[in-house]
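The values are calculated or read from the model by the stated rules, or taken from the named source; none is laboratory data. What you are looking at is a predicted structure, and each value in this text was computed from that prediction instead of being measured. Reconstructed Cβ throughout: ideal geometry from the backbone, glycine too, with neighbour counts over all protein chains shown.
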Amino acid sequence: MKNSVIRVSIGARVTGGDQEVRDLISNPSLFVATDSVDFATQSLLRKQDGQFEIAALTGDLSVVMGNGLTSESQNDLKKIEFSGPGIYPIRIESLINKVVRANVTSFVNRVDLSTRIEPMPVNLLVTLDSTNTLQLDGSHVISELTREKISQLVSLLELDGPLVSTQVSPQVIDGLSKSEKPADQELLLRLTNAISKTNLIATSYLAFDPSGASQTQHEKEFNALVELGQSTLSSRFTSNVAVSDVWIARTPLDQFGVDLLAKSGYRSIIMLPAAGAALGSFDNTARPYRLVSGAKTVSLFVVDPTYVPQLGETKNSSFIAASAIAAQLLAQRSKIESDGGTPSLKRTVLTTQDGAVLNSNLIHEILLILKRVPQQISIQTLSDLPEPRQDAYKPDLRVKDISQFEIRMKNIDLLRADLNKLNSTLDQNSNTWGIWNERLMVMSSDTLTKTQREEFATQTRNELKSLRTAVTLEEGTTFTFGSRKSQLRLDLKNSSNEDLTIQVKVESPKLKLDRSMAVIEVPANGSNELVINAVALSNGLFPVGVRIFTADGSSQLGKKIEISARVNAIAGLGQVVTGVALLLLLTWWAAHFRRKYRTQVSDESRVLRSDA
């Protein structure tokens with residue numbers, strides 16, 4: 001198009017550090033051109049995708065925007081004057097008839113390679129945070145949001161895995177492996193391959209606040225979750241040994257939390273934005289920090305909050321956004337040096353608000369740019385963090401409110417105590433224990449909602465109640481004794497799917513029992529008969545109480561069951577009848593002998609009278 005030109009303008013060198021770069025981006029009117037050159041649009045070459053290729057000389061430095069120059073374009077290079085090494089804003093404008101139709105502002109980094117300079121360490125951290133996948137029925141479901149986060153993470157690691165430090169939630173990995181969806185299994189395979197290329201950081205199985213754990217005496221649970229997290233990652237990602245002495249804090253820490261982490265072997269702490277915000281605002285998060293626990297000193301690194309929203313950008317051009325972030329880092333390094341500091345002693349940690357990869361293309365572009373300036377920026381991983389400096393700044397830690405954590409763990413401990421009452425009744429190898437233990441663990445997670453936690457608790461208590469009342473005896477049953485000695489035959493029925501070992505106690509003031517207590521196993525969905533020998537102490541109909549307990553007798557299962565015993569033969573009646581019969585017989589014989597004796601005496605008297 002005639003009268004159409006592309007104008008390239010250079011601004012004054014940035015001297016105000018990364019803040020000046022951000023000001024130029026947010027307020028384009030601050031840009032003041034110090035030099036510019038125009039290129040007739042008709043004379044510019046185009047790439048296959050339609051983009052223009054522009055080349056300009058800067059003394060002994062060629063600034064090439066594009067993938068290179070053709071032999072024809074090298075014959076007509078124009079020159080832009082710089083005032084020395086540094087970061088410069090550059091504006092590219094499209095003009096038609098001297099009217100600006102479009103423009104974009106970016107930055108150029110000019111380096112004097114003949115001068116030795118110290119690079120500033122930069123860490124790029126990406127994480128996959130903990131989220132629940134467990135359902136009430138024991139299955140595992142991956143949400144669409146989590147699936148998208150995993151996909152973005154995989155896309156980045158496949159391109160730049162060795163340059164970033166990665167932390168993935170073992171809980172999510174475990175849930176992904178247990179998902180029944182084929183797409184999730186394919187995603188897990190991609191993730192496994194991608195993880196093999198990166199610097200993997202270990203973490204606890206799920207989110208569990210170390211500050212809350214320390215203050216509520218749940219250190220044992222915290223360490224168990226850490227060990228479970230490490231074993232989950234090592235069993236899944238066998239080709240990658242995770243770094244285990246770096247703790248990535250998502251929520252604020254207090255001294256109790258730091259003490260537990262130091263005791264558990266952590267040497268460095270990285271604070272994500274939400275955790276770092278509790279420390280207050282800092283003029284420079286790149287400076288060295290430290291935390292102290294007794295005789296131990298722990299390195300502290302705080303994510304720079306100024307880069308957080310930029311790394312979450314998903315709408316604008318990834319290249320333009322990446323150029324702006326790279327320019328800020330380079331300007332930050334230059335400012336440290338110009339102020340008399342040592343860039344190599346500073347460290348900038350880059351990540352998003354929660355560490356998730358929101359735009360893998362943006363991070364890839366940032367790394368492409370930073371890889372071209374190794375003299376100024378050293379891209380490092382968390383596996384090579386320096387030892388804590390004793391002269392580093394020690395921030396004050398605020399006391400953390402752990403009231404919600406305390407309530408949560410108290411409720412979980414009460415539920416666990418109720419479940420453990422069945423230790424002697426329910427076989428320890430039963431799958432039910434595994435289901436309950438997994439639920440209790442998930443319920444302790446910091447990321448679980450109150451509603452989800454209540455649903456798990458209700459489901460578990462309903463299952464517990466069902467087992468506690470599973471073994472029954474038909475109430476109202478009447479046993480008939482036909483003699484003094486007889487037997488109580490208790491037909492115990494189990495309506496659950498578990499074999500249950502119980503203790504049965506029988507009591508009645510009218511019965512003498514050979515045993516008032518017995519332990520018996522009742523098979524799942526079956527029955528078993530308990531036989532107790534009894535001696536009736538009286539006749540008639542009287543109550544018999546039956547109580548069912550756990551096998552160790554520590555907890556009653558269900559309510560007391562009332563049955564009856566009917567005795568038709570009185571105890572000792574046979575002896576009484578026999579005694580009466582004998583007495584009657586003796587009385588008869590006595591009367592018989594008496595009559596016989598009287599008759600004999602009467603006869604003798606008559607004889608005597610006759611003789612006389």
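Key figures for this structure:
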read-out: Criterion (surrounded by fewer than 16 Cβ atoms within 10 Å (Cβ to Cβ), assigned to a strand (DSSP E or B), touching a residue at least 12 places away in the same chain (Cβ under 8 Å) and under 46 Å from the mean Cα position of the chain (by Cα)) met by exactly one of 505, 512, 493; value: 493
read-out: Any hit, region 288-296, residues being part of a strand (DSSP E or B) and either among the hydrophobic types (A, V, I, L, M, F, W, C) or under 27 Å from residue 106 (Cβ atoms) (or both); value: yes
read-out: Search result, residues across region 106-122 that are of a type in the set (S, T, N, Q) and loosely packed, with under 15 Cβ neighbours inside 10 Å; value: 114, 115
read-out: Among the residues listed as 66, 59, the single one being farther than 14 Å from residue 110 by Cα and modelled with pLDDT under 70; value: 66
read-out: Test: residue in region 390-401 that is among the hydroxyl-bearing types (Ser, Thr, Tyr) and surrounded by 19 or more Cβ atoms within 10 Å (Cβ to Cβ); value: no
read-out: Qualifying position, being surrounded by fewer than 16 Cβ atoms within 10 Å (Cβ to Cβ), hydroxyl-bearing (Ser, Thr, Tyr) and under 18 Å from residue 414 (Cα atoms), among 469, 458; value: 458
read-out: Residue 100, sole failed condition from (1) of a type outside the set (Asp, Glu); (2) surrounded by 12 or more Cβ atoms within 10 Å (Cβ to Cβ); (3) free of Cβ contacts under 8 Å to residues at least 40 places away in the same chain; value: (2)
read-out: Top-ranked residue of region 205-219 - restricted to ones that are part of a loop (DSSP other than H, G, I, E, B) and not hydrophobic (A, V, I, L, M, F, W, C), ranked as surrounded by the most Cβ atoms within 10 Å (Cβ to Cβ); value: 209
read-out: Leading residue by the ranking (farthest from the chain's Cα centre (by Cα)) among those in region 399-426 that are acidic (Asp, Glu) and farther than 18 Å from residue 442 by Cβ; value: 401
read-out: Scan of region 536-564 for residues that are touching a strand residue (DSSP E or B) at 6+ places or on another chain (Cβ under 8 Å) and in a loop (DSSP other than H, G, I, E, B), ordered by number; value: 537, 538, 539, 551, 552, 553, 555, 557, 558, 560
read-out: Lone unmet requirement of (1) in a helix (DSSP H, G or I); (2) in the same structural domain as residue 523 (by TED's automatic domain parsing) for residue 480; value: (1)
